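Asker: Structure in structure tokens, see below.
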Amino acid sequence: MASVRALTRRAARRRSGERALITIHAVGYLAAVLLVLPPVKAAVLMMVQQGLFGLYLGCSFAPNHKGMPVLDAADRSDFLRRQVLTSRNVRGGWLTDFALGGLNYQIEHHLFPSMPRPNLRRSQPMIEGFCRQRGIPYCQSSLAGSYAQALRHLHAVGRLLWQ
């Protein structure tokens, strides 16, 4: 939906090509599902698929930001500090990189949003060193560790609500 909105709201260089590709994708997806399933089962399949995809995306995004500082509108930190202090990288090997789609390098992704995914991993040591030189905390942990930090933060926030 965000892609469709973007193509209708702003001028894109390849707007007609992008519109055609999105249309082909949507029509092709619906046609493929409706060719093999009756309409009710097709609708259920699409709802379950979208729900599971949303859960997957939530599990991909949550370890990078939950439990990290939230800056208010009055905060005057520079761009580097805002991106580094509010994000966490998730350490892991090729499987973590693949499963999280490169979003485990959240700090690098926030600093350079258009950087190709393979370069996020390659740039990580340089950016960590750059932050270290400037005394900026660079947070990273394992996937399990990041979920543990997020759950501890949510528990602490919940405890405040019950007091």
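Asker: Quickly rank 65-73, 46-54 as a protection proxy: mean count of other C-beta atoms within 10 Å, highest first.
Answerer: On the way: 65-73: 12.6, 46-54: 10.8.
Going from most to least packed, we get 65-73, 46-54.
Asker: May I pose another question? Could you do me a favour and compute the accessible area per residue for the chain, 1.4 Å probe, result in Å²?
Answerer: On the way: 11480 Å² over 163 residues.
Here the per-residue accessible area is 70 Å².
Asker: In deg cm²/dmol and to the nearest 500, what is the mean residue ellipticity at 222 nm of the chain if only DSSP H runs of at least 4 residues count, each as -39500 (n - 2.57), divided by the residue total?
Answerer: One gets -22500 deg cm²/dmol as the mean residue ellipticity at 222 nm.
Asker: For the chain, take every pair of Cα atoms, bin their distances at 5 Å starting from 0, and report each bin as a whole percent.
Answerer: Calculated P(r), rounded to whole percents: 1, 7, 12, 14, 14, 15, 13, 11, 7, 4, 2, 0, 0.
Asker: May I pose another question? Taking 0.36 nm per intervening residue step and subtracting the Cα-Cα distance, what contour gain separates residue 5 from residue 18 on full extension?
Answerer: Working: separation 13, 0.36 × 13 = 4.68 nm, distance 1.20 nm.
In short, 3.5 nm is gained.
Asker: Moving on. How high is the relative contact order of the stretch 1-142, in percent, counting Cα pairs under 8 Å that sit 6 or more residues apart?
Answerer: On the way: 96 pairs, mean separation 27.1, N = 142.
It rounds to 19 percent for the stretch 1-142.
The values are calculated or read from the model by the stated rules, or taken from the named source; none is laboratory data. These figures come from a predicted structure and were not determined experimentally. Because the Cβ atoms are built from the backbone with ideal geometry, glycine has one as well, and the counts that use them run over all protein chains shown. Note: accessible area is taken over every heavy atom of the protein model, side chains too, but ligands, DNA and RNA are not part of it. Shrake-Rupley method; radii C 1.70, N 1.55, O 1.52, S 1.80 Å.
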